[in-house]
Every structure is written in C-alpha cells, then in structure tokens.
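Notes for the one structure printed next.
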Amino acid sequence: MKVLYFGTPVVVISSRNEDGTTNLAPMSSAWWLGQHCMLGMGNNSQTAANLLRERECVLNLPSSALVDAVDRLALTTGNPVVAGYRVEQGYRYVPDKFAVSGLTGQESELVAPLRVAQCPIQLECRIVSARPFGGADLATAFEAEVLRAHVDQDLVIPGTRYVDPVGWDPLIMKFCEFFGGGHTLRPSRLAEGWQMPHAVSVQAG
C-alpha cells in the first residue's frame, strides 16, 4: 500500500511563532496514553520548528461540526518560505491562521500559544522529547505532556472527571477524508494536493 493512514482524530495544534503570534495547524498523526500524547510532524512545517524551539503547545480537538473551519487551514503554512514541493501541492503562506479559518483565539493558562475557543477540548502541553521518525530526516515524533485539560462541561459525565464517549463526536481524518458520527463528511483539500483518490462506490451484485 502506498499510504498507511487509517484514521485518527484531527488535532488543531496551537504553537508560538518567533514573533510571539500563534500558529494553527491541523494534523491527525496523534495518539494518547495516560497524560501524554505522541505527535508526528513533518520537519518542513512551521509547527515542527515552533515545537522544537518553544517546547510547548495547545492540542485543540475539534468536533465534527468544525470540519469547514479545519479544512480552511489545509494547504496553508505559517512558514514564509514555502518549499517547492509544497507549492506544487497547493500550499500557501498564511500569517494569520485564525483569520483564514474563522476560529477565535483564547488565552491559555499555563502556556504561551492561544487556545481555539470553538474547540470543545483544549489540552495545554509541554514537549518533553523529540526524536527523528520515519527515516530520511523527514519527520519528528514529539512527546507532549498534558499540563491542563479544558473540556466543555456538556461533554463531562455528571459527577465525574470523565468525558462522555457518546456525547463526544470528534472530527476524524482517514486517507484525506473527514468523518464524523460514523459518516463521511467531505474530502479534505489535502486530497487534491496530495493526489489522493476518492472512494469508489461498490454496487451490490
């Protein structure tokens, strides 16, 4: 198989640029264990550079209702120097990711990057380790420790500190297509730039 990308929740990562502004980047190579999260990021991204330099971020988890806002961030980069292959894929430099996405910044409590107000789950984190991943110096695996979790009260099971798995409807990305509530929502703009084929309808015979 050319692509092994079977689907994970979308995370909009807030990271701090060198000028103090907040960069936003959607990604879906993330998994959690306990109070730690592993993030896989391409090394040409502004987010990877910010995480290596600042060692902190916010992991904003959008619900499926935010699919359009998240997709507006696709094919954008906070790096003013856009690599040639990324230009060919359709990427463009956007300094204000909040403006292009229509999302709103919200002050964090323990880290510098802004949270995304519309995301019902926001995790303030520090980066505790970073190491090469995938060979050829193409990507980095970041380990993030969750310092503070902000969860919409409607998603918390009453009387507990647990998220309601039925009430929580995460935006899922698999093979450059968005899913929510178990249903296909729309292809990501990445599908065209990365030349990902669309699904093939299977007729019952």
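The values are calculated or read from the model by the stated rules, or taken from the named source; none is laboratory data. None of the values given here were measured: they were computed from a predicted structure. A quick note on method: Cβ atoms are made from the backbone with ideal geometry, for glycine too, and the neighbour counts reach across all protein chains shown. Just so you know, the surface numbers come from the protein's heavy atoms only, side chains and all, with ligands and any DNA or RNA stripped out. Shrake-Rupley method; radii C 1.70, N 1.55, O 1.52, S 1.80 Å.
Spatial offset of the range 24-66 relative to the range 106-136 amounts to 6 Å, using the alpha carbon center of each. To the nearest 10, the accessible area of VAL82 is 40 Å² with a 1.4 Å probe. Summing Lys and Arg as +1 and Asp and Glu as -1 over all other residues whose Cβ lies under 15 Å from the Cβ of ASP164 gives a net charge of -2.
The slack between THR8 and ALA83, meaning 0.36 nm per residue of separation minus the straight C-alpha distance, is 24.4 nm. The label-point distance for ARG161 and GLN35, in a model that sets each label 7 Å from Cα toward Cβ, rounds to 0.9 nm.
When the trypsin sites (Lys or Arg not before Pro) in the range 1-75 are filtered for DSSP coil states and for at most 12 other beta-carbon atoms within 10 Å of their beta-carbon, the remaining sites are LYS2. Its relative contact order, with pairs defined as Cα atoms under 8 Å and 6+ residues apart, puts the chain at 24 percent. The ASP96 and VAL128 beta-carbon pair, evaluated with R₀ = 22 Å, returns a calculated FRET efficiency of approximately 0.15.
Let a ≥ b ≥ c be the square roots of the eigenvalues of the Cα gyration tensor of the range 1-101; is it rounded (a/c under 1.5), or, if not, prolate (a/b larger than b/c) or oblate? Verdict is rounded for the range 1-101.
Hey, what did the range 96-194 get for relative contact order, percent, Cα under 8 Å, at least 6 apart? Mind showing how you got there, number by number?
Values: 122 pairs, mean separation 14.1, N = 99.
Result for the range 96-194 is 14 percent.
Subtracting the Cα-Cα distance of THR21 and ASP154 from their residue separation scaled by 0.36 nm leaves 44.8 nm. With θ taken as phi - 60° and the Karplus curve 6.51 cos²θ - 1.76 cosθ + 1.60 applied, the whole-hertz 3J(HN,Hα) list for the range 111-123 is 10, 7, x, 6, 7, 9, 4, 6, 7, x, 10, 9, 10 Hz, x standing for glycine and proline.
Pop out the Kirkwood hydrodynamic radius of the chain from its pairwise C-alpha distances, inverse of mean 1/r, in Å to one decimal.
Details: mean 1/r = 0.0568 Å⁻¹.
That comes to 17.6 Å for the chain.
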